[in-house]
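One structure is given below, represented as structure tokens, and several questions about it will come after.
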Amino acid sequence: MTATANAAKTIAISLPVDLADAVERMAERDGQTLDDFVAKALRDARKGDFDRQLANIHEGWHLRMMRLGLFSEEDIFRYLES
């Protein structure tokens, strides 16, 4: 890992008291610092966004292929050769 991969930037956020309390309890329950817990939650959320975007792209291509009558690899190769 590079030095920048481990670099941290401090930011301040405000949360409703009930949410802040819940996050602190979850971090403690998992044996993590609050910083580590929140960072992991945000990384998971970012990965979820990526996974949703990828699924949307896949669905779009799937629909296009169906409209073109491309249901197998052989169909795709025939289409590309035409």
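The values are calculated or read from the model by the stated rules, or taken from the named source; none is laboratory data. This structure is a prediction, so every number in the text was calculated from the model and none was measured. Areas reflect the complete protein model, heavy atoms only, side chains present, ligands, DNA and RNA absent. Shrake-Rupley method; radii C 1.70, N 1.55, O 1.52, S 1.80 Å.
With the other protein chains left in place, how much accessible area per residue, in square angstrom, belongs to the chain at a 1.4 angstrom probe? Could you put the intermediate results ahead of the total?
Numbers: 7580 Å² over 82 residues.
Here the residues of the chain average 92 Å² of exposed surface.
Kindly state, as a whole number, the per residue volume in cubic angstrom of the convex hull around the alpha carbon atoms of the chain. Write down the numbers at each step before the final one.
Values: hull volume 17.1 nm³, N = 82.
It is 209 Å³ per residue.
Using a 1.4 Å probe on the protein heavy atoms, what percent of the accessible area of the chain belongs to carbon and sulfur? Intermediate values should be presented prior to the final figure.
On the way: 4490 of 7580 Å².
Carbon with sulfur: 59 percent of the solvent-accessible area.
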